[in-house]
Amino acid sequence: MSSVFKEGLEDIVVSTSEICFIDGREGRLLYRGYDVDELVQHSSFEEVVYLLWNGTLPSRKDLEAHVKALNSTANRKLPPKLVTMLRQLPKKTTPMEVLRTGVSALAAFDPDAADNSREATTRKAIRLTAQMPTLVAAWERLRRGKTPVAPNPKLSLAGNFVYMLSGKKPTDLATKTFDVALILHADHEFNASTFAARVTAATLSDLHSAIVSGIGALKGPLHGGANEQVMRMVEQIKTPERADAWIRKALADKARIMGFGHRVYRVEDPRAKHLRRLASELGKQVGNTSYVKILDTVARVVTEEKKIYPNVDLYSGAAYASMGIPTDEFTPIFAMSRVAGWAAHVLEQHAHNRLIRPRAEYTGHARQQYVPIERR
Ligand SMILES: CC(C)(COP(=O)(O)OP(=O)(O)OC[C@H]1O[C@@H](n2cnc3c(N)ncnc32)[C@H](O)[C@@H]1OP(=O)(O)O)[C@@H](O)C(=O)NCCC(=O)NCCS
């Protein structure tokens, strides 16, 4: 066996994939060959989901059918028994824990649960993509002592999520912001959560199990959980005037600054500029420009001092917070989008499957003689 290994699998290629291309030196991200910079201008989250799963942009007819399926109440609504289950959970359960639990429970209600054919996995992927926003919004309302709002099939996935949270028709800017955020988070090659989902799928396990693996990996602060930690940092900094000194002290204390650095990008993450723009526009609309000002100062100092650059998690939370969304919902929102990528990768894994089973370089004891307990 080769003794060459890289801690954290850095730069190790573990498989081929046709879904997503990252150019870490130029700061480019392509889904199926299409640059996200173009997709955020011209496309919609629903179209991007189609692209990721099918490999091509849809015809008008195919897109209409796809949107109809994703938006239908039949696919979006939660089984009533699941809502009863949610009501039993302690109110302190975090939205990400509820999402992990809820997605696992949804498998029990899914008619295709045990069928791993491409057709059945695609049907399950449509349902999960449609149900996850309903689950996240339902928990947000239940924990505030409110009744969940039924999904509205006339609204896009982005608009409907904002509507289900507040019960009010979302503004065009809120819908557009959400749609762009969903497009930007939809896939990112072999990131930790996608790899976790693929490892699960490669045992020939089912889509729901793979997505639960993905959610578990996304939750951590080094991955999707970073967007929540960024907002906690903004809350500690409090005002733009305090940002420069605060971040310099954090760097001097050798703190890890959330929302910066990346395993693949050596320049600014191409998604960050779009999220900054949206956070800035929304902030102006609601009369709170301080989040973006704080983050701009933090970005300037961290980039100057450490030569590490903003990633996708730096500005997304500032946009969501301007919409009044609580901080612990940020990572579930990331998951509501990334489910599209996870599902695309499960379909690809199942189409050319081989069990993923790496090795470890053993650094433990040499063979030892067992010592009976009375002689230890
Ligand atoms: C994303 C991340 C986990 C990548 O980690 P990685 O590829 O394993 O890189 P390392 O943790 O080995 O970091 C390499 C060096 O850069 C520094 N570094 C990387 N990210 C840093 C950050 N956010 N803040 C401070 N220092 C950082 C490390 O301290 C290390 O310095 P050293 O060589 O002097 O010890 C890392 O950049 C990070 O923790 N970022 C913050 C969390 C985050 O925003 N995650 C979301 C990613 S999209």
Please count how many residues of region 149-165 are in contact (Cβ under 8 Å) with a residue 60 or more places away in the chain and either assigned to a helix (DSSP H, G or I) or buried (at least 20 other Cβ atoms within 10 Å of the Cβ) (or both).
8
Restrict the check to region 57-74 and report whether at least one residue is touching a strand residue (DSSP E or B) at 6+ places or on another chain (Cβ under 9 Å), in contact (Cβ under 8 Å) with a residue 24 or more places away in the chain and closer than 25 Å to residue 177 by Cα.
no
Which of (1) within 16 Å of the ligand (Cβ to nearest atom); (2) assigned by TED's automatic domain parsing to the domain that holds residue 270 does residue 194 not meet, given it meets every other one?
(2)
Scan (1) within 16 Å of the ligand (Cβ to nearest atom); (2) within 30 Å of residue 140 (Cα to Cα) for the single condition residue 309 breaks and write down its number.
(2)
Quick one: is residue 209 surrounded by fewer than 20 Cβ atoms within 10 Å (Cβ to Cβ), assigned by TED's automatic domain parsing to the domain that holds residue 116 and not aliphatic (A, V, I, L, M)?
yes
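Residues checked against (1) away from the ligand (no atom under 13 Å from the Cβ); (2) touching a Gly at 6+ places or on another chain (Cβ under 9 Å):
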| site | (1), (2) |
| --- | --- |
| 268 | no, yes |
| 289 | yes, yes |
| 353 | yes, no |
| 364 | yes, no |
What residue, among those in region 236-266 that are touching a residue at least 60 places away in the same chain (Cβ under 8 Å) and either of a type in the set (D, E, K, R) or more than 7 Å from the ligand (Cβ to nearest atom) (or both), is surrounded by the fewest Cβ atoms within 10 Å (Cβ to Cβ)?
266
For residue 102, the lone unmet condition from (1) closer than 22 Å to residue 219 by Cβ; (2) loosely packed, with under 15 Cβ neighbours inside 10 Å; (3) in contact with a helix residue (DSSP H, G or I) (Cβ under 6 Å, 6 or more places away or on another chain) is (2)
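The values are calculated or read from the model by the stated rules, or taken from the named source; none is laboratory data. Predicted model only: the values in this text are computed from it and were never measured. Cβ sites come from the backbone with ideal geometry, for glycine too, and all protein chains shown count toward neighbours.
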